[in-house]
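So the structure is just underneath, and the comments pick up after that.
The values are calculated or read from the model by the stated rules, or taken from the named source; none is laboratory data. Not measured: the values here are computed from a predicted model. With ideal geometry, Cβ positions are generated from the backbone for all residues, glycine too; neighbour counts draw on all protein chains shown. Calculation scope for accessible area: heavy atoms of the full protein, side chains included, ligands and nucleic acids excluded. Shrake-Rupley method; radii C 1.70, N 1.55, O 1.52, S 1.80 Å.
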Amino acid sequence: MEQKKDLILKVSGVTKRFPGVLALNNVSLEIPKGVVYGIVGENGAGKSTLMKILSGVYEKDAGTIEFDGEIIEHTTPIQALRRGLSIIYQEFNLVNTMTVGENIFLGRFSENGGMKGTHQKARELLDSIGSKIDTYSLVGDLSASEMQMVEITKALSFHSKLIIMDEPSSSLTAEELKKLGDIIVQLRGQGISIIYISHKLDEIFEYCNIVTIMRDGCVIDTKSIEELTRSDMIAKMVGRTIENEYPPRAHFAGEPLLEVRNLNTSKLHNINFTLHKGEILGLVGLVGAGRTEIIRAIYGADKVKSKELIMEGKPVTVNTPRDAKALGMGLVPEDRKQQGLILRFSVGDNITMAALSRIAKRGILNRRKEREIAKRQIENLSIKTPGAATKVLNLSGGNQQKCIVGRWLELDPKILILDEPTRGIDVGAKYEIYVLMNKIVEQGGAIIMISSELPEVLSMSNRVLTICDGRITGEFSPEEVDASVIMDKAIG
Amino acid sequence: MSTKSVLIKTKKILLKQKAVLAILAMIVLMLFFDTQFFTVYNWLNIFRSVTVQGIIAMGVTMTVLCAACDLSVGGTMCLSGVIAVLMINFGVPIPIACLCALLSGALVGAVNGFLVVHQRTEPFIITLGMGTLLKGISQLLTDAHPIACTNMSFMQIANTKILGQIPILILYMLVIFLLFFWILRFTNYGRNCYAIGGNYEVAKYSGINTLAIKWSAFIISGAMAALAGILLSSRMNSASSVYGDNTGMLVNCGVVIGGTSFAGGVGGAAESFIGIFVLQLMTNCMDCLGIGSYVQELLQGIIIVLILGFDCYSRLKKREHA
């Protein structure tokens with residue numbers, strides 16, 4: 001506590017609310033100068049939201065932020081940068097068609113003495129972190145780790161006092177990661193603080209001095225790294241037992257419905273599993289582990305190297321989503337607005353979309369039947385809408401999601417694939433979706449469910465598979481196994 | 001009560017349809033001048049001049065609804081006319097020659113569709129290139145000279161009049177318009193086109209045969225352009241490689257002016273027809289007023305830019321309020 005005057009960043013009581021979600025709830029952090037500060041938490045814990053507030057992308061609703069002794073009321077990304085706070089996102093913000101030097105000083109050529117001065121200064125900065133990248137080479141030609149060096153150099157060019165690294169290792173090889181580690185140590189030596197956000201706990205233990213664990217928009221604990229163990233950390237990341245948030249688990253698992261054998265793509269390796277009738281199968285893993293890729297490959301939406309599907313004992317081929325639909329599969333995709341709904345279309349048109357060919361006689365639409373279907377699903381799923389003709393754009397997230405579910409229910413699917421079915425929808429609507437899921441399996445359907453919210457998958461599924469780096473790393477019954485064991489397998 | 005609601009509804013439609021507003025404005029404007037504008041003869045003339053581009057626009061609408069476009073229609077139209085006339089002059093029976101010309105258009109559409117749908121090329125550029133290519137072929141075939149058709153009965157296809165003085169071209173246009181209107185409104189195929197244009201991925205995941213439908217839209221567009229080419233050649237009783245130089249751009253422009261958005265999924269046959277009609281009406285007005293052709297082109301450009309600009313502006317405003 002004596003180093004209080006040496007804080008680079010002090011966040012107190014920051015709260016941020018999105019429609020239907022409390023993204024940050026009274027978050028407080030104190031980051032001293034010259035440390036590597038780790039932030040860990042599940043997907044959706046609020047890490048990214050906090051970073052976006054710090055860097056000026058979002059506005060906070062309440063609380064104060066003190067940066068380098070100065071209270072920051074309002075900031076924009078460029079102001080934050082000029083103050084000395086830079087952020088390196090998982091997806092690099094670089095212009096691939098421009099040179100390294102130009103990227104580092106993008107938009108600041110004149111204040112650095114034109115192109116010549118720009119490249120000269122870029123060279124000096126790159127040398128200072130021991131990088132040998134040519135400032136005249138195109139960023140598009142660089143490797144992922146070199147791009148990261150450029151990002152770090154760009155941060156240094158603003159004389160940053162605090163650099164936020166969001167999942168910096170996700171695109172690096174083991175060797176490149178080591179280089180990054182060296183640079184982190186070097187930056188810390190220069191008195192620069194680093195916020196290191198990662199799902200990979202090994203890195204957290206290797207680089208960080210202090211770690212904050214976040215969950216559900218709250219800070220759960222802040223400890224120095226020596227006081228923490230891996231299992232502690234996982235328990236705190238996961239550890240919540242909110243009852244009655246989920247309906248009682250359904251148990252109708254019967255004979256095998258779909259067997260997936262020898263599924264390989266460029267990202268997936270030897271995926272094998274069986275889905276049973278009346279079962280909810282959960283896929284657990286980090287974002288980017290290959291969960292979505294598995295279901296997209298099964299559904300015929302992505303190209304595969306090899307795939308064998310056996311449905312009800314008979315081998316089947318699924319090359320397009322059309323084939324999948326014909327076999328009785330339905331997909332509720334991850335990105336509701338981009339992949340699930342045609343936002344400009346009406347609620348009714350969105351619901352009837354998949355069923356049209358079934359009700360059309362010789363290709364001619366039947367308006368009356370269309371209206372019937374829309375009405376039936378709106379009532380059945382209690383979709384809150386002024387009418388079937390309302391644009392789906394104007395509905396809340398939960399009701400939009402129900403429209404997509406309704407689209408498939410109309411076809412009585414044997415297998416319904418739900419990718420993040422409750423993302424961004426409020427608690428009440430979530431519960432309705434859960435009840436709906438149970439109803440589907442009750443009627444003999446089967447569900448494959450992906451969710452980044454671990455408690456949700458664990459509470460809803462009869463069985464979960466853990467996915468890590470495109471492989472299935474474990475199979476568990478969530479009723480019998482502790483959440484932290486499953487999380488451990490998913491982190492790999 | 002009901003008259004009031006009808007008025008409100010009409011007002012809404014008018015504000016939504018800038019092209020209709022433009023038509024009314026032009027008609028009102030012409031009231032102030034003493035011209036031949038308000039004669040039956042002139043209006044028949046306007047409608048007849050709309051037919052060729054209107055027929056092409058129906059096909060182009062299909063591609064634009066699927067979030068693509070087809071700029072090759074000018075070239076397709078030109079080539080189809082050349083093929084028809086050359087074959088007839090060679091002694092091939094007229095129906096067979098016309099069928100071959102029609103197939104040539106469908107073939108062009110199939111190639112366009114293959115390139116856009118399967119090879120994921122940018123439709124704007126690839127169909128523009130295709131149009132140039134087709135024009136090149138037409139020039140080679142005709143040696144860049146107009147060729148007159150030697151079989152006089154070919155002329156009758158497009159130059160007959162029905163019910164006294166109505167050109168038969170208008171009847172063709174009407175039939176084709178109603179056909180497309182019906183397809184887009186009342187068939188599964190039409191609805192799927194809207195879905196594909198609205199959001200390709202959503203359509204694909206909903207099990208719609210996106211590849212085949214988008215491809216077929218190009219084939220239909222090519223065939224319609226070819227049909228227009230046959231009618232134009234029949235009307236002129238000749239084929240020439242200069243036909244259709246501006247057609248590709250004008251038709252696509254007209255389709256968008258009418259309200260069939262380049263982003264896909266919005267619009268329809270009626271909207272496209274209105275868009276084409278605006279352009280033709282404008283030309284006719286200026287002809288009636290005796291405005292020179294250079295100034296005509298300038299004014300036409302200004303109006304197109306104004307309509308589209310105003311449309312985008314009001315949509316932007318609407319989004320800000322939402």
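Ignoring lysines fewer than eight residues from residue B:9 along the same chain, the ones with Cα atoms less than 25 angstrom from its Cα are A:391, B:18, B:317, B:318.
Spin-label model, residue B:152/residue A:144: points 7 Å from Cα along the beta carbon direction are separated by 7.8 nm. Taking amide H as placed 1.01 Å from N in the peptide plane, residue B:238 has its amide H under 5 Å from the amide H of B:149, each at least 5 places away in sequence or on another chain. At the listed q of 0.10, 0.12, 0.13, 0.16 Å⁻¹, the Debye profile of the stretch B:35-312, built from one uniform point per Cα, gives log10 I(q)/I(0) equal to -0.50, -0.73, -0.86, -1.26.
Extension gain residue A:175-residue A:380, at 0.36 nm per residue separation less the Cα-Cα distance, in nm?
Additional length available on full extension: 68.3 nm.
For the stretch B:177-292, a crude dipole built from +1 on the beta carbon of Lys and Arg and -1 on the beta carbon of Asp and Glu, taken about the Cα centre, is about 320 debye to the nearest 20.
For chain A, the longest principal axis of the Cα atoms and the long axis of helix A:114-128 meet at an angle of about 90 degrees. Shown here for the stretch A:292-358: trypsin sites (Lys or Arg not before Pro) in loop regions (DSSP other than H, G, I, E, B) with at most 15 other Cβ atoms within 10 Å, namely A:303, A:305. Seen against the Cα atoms of chain A and their longest principal axis, helix A:174-189 is set at about 40 degrees. Computed over neighbours whose Cβ is under 11 Å from that of residue A:288, the net charge equals -1, Lys and Arg +1, Asp and Glu -1.
Remark on the stretch A:358-390: accessible area falls by at least 30 square angstrom from chain-alone to full-complex state for A:363, A:364, A:365, A:367, probe 1.4 angstrom. Note that the stretch B:35-312 presents 40 Å² accessible area per residue, ligands and nucleic acids not counted, probe 1.4 Å. Only helical runs count toward this figure. For the protein assembly as shown, summing -39,500 (n - 2.57) over DSSP H runs of n ≥ 4 and dividing by all residues gives -16000 deg cm²/dmol at 222 nm. Only protein heavy atoms count here; on that basis, with a 1.4 Å probe, residue B:28 has an accessible area of about 80 Å².
Share of carbon and sulfur in the accessible area of the stretch B:125-177 stands at 72%, probe radius 1.4 Å. Between A:138, B:65, A:96, the Cα set farthest toward the positive side of the dipole of the protein assembly as shown (charges on each charged residue's Cβ, about the Cα centre) is that of B:65.
Near the amide H of residue A:311, under 5 Å away, which other amide H atoms are found, from residues 5 or more places off or on another chain, if H is placed in the peptide plane? Sorted by chain and number, the residues that satisfy this are A:259, A:316. Ranked by the mean number of other Cβ atoms within 10 Å of their residues, highest first, the peptides B:261-269, B:282-290 fall in the order B:261-269, B:282-290.
Computed from phi, the 3J(HN,Hα) profile of the stretch A:290-306 under the Karplus parametrisation 6.51, -1.76, 1.60 (θ = phi - 60°) reads x, 5, 5, 4, 4, 6, 5, 5, 5, 6, x, 8, 10, 6, 10, 7, 8 Hz, with x in place of Gly and Pro. Rolling a 1.4 Å probe over the protein heavy atoms of chain A, with every protein chain left in place, gives an accessible area that is 50 percent carbon and sulfur. Under the membrane-span-like helix rule (DSSP H runs whose alpha carbons stretch at least 18 Å along the helix axis, mean Kyte-Doolittle hydropathy 1.0 or higher), chain B yields B:18-31, B:40-65, B:73-90, B:94-113, B:123-142, B:168-186, B:210-236, B:269-288. Residue ranking by accessible heavy-atom surface, 1.4 Å probe, largest first, among B:39, B:63 comes out as B:39, B:63.
At a probe radius of 1.4 angstrom, the accessible area of the stretch A:1-158 per residue rounds to 46 square angstrom.
Which value, in debye to the nearest 20, gives the size of the charge dipole of the protein assembly as shown about its Cα centre, when Lys and Arg are +1 and Asp and Glu are -1 at the Cβ?
2960 debye
Here's the picture: charge each Lys and Arg Cβ at +1 and each Asp and Glu Cβ at -1 in the stretch A:2-238, and of A:106, A:63, A:162 the one pushed furthest to the positive end of that dipole is A:63. Remark on the stretch B:195-212: accessible area falls by at least 10 square angstrom from chain-alone to full-complex state for B:195, B:198, B:199, B:201, B:202, B:204, B:205, B:206, B:207, B:208, B:209, probe 1.4 angstrom. Approximating the spin labels as points 7 Å out from Cα along Cα→Cβ, the residue B:120-to-residue B:291 distance works out to 4.5 nm.
In the stretch A:324-345, burial by the other protein chains removes 50 Å² or more of accessible area from A:339, A:342, A:344, A:345, compared with the chain on its own (1.4 Å probe, ligands and nucleic acids ignored).
Taking 30 Å as the limit for the C-alpha separation, the pairs A:16/A:384; A:47/A:325; A:161/A:200 exceed it in the case of A:47/A:325. Each other residue within a Cβ distance under 13 Å of residue A:163 adds +1 if Lys or Arg and -1 if Asp or Glu, for a net charge of +3. Buried between B and A is an accessible area of approximately 2100 Å², summed over both sides with a 1.4 Å probe.
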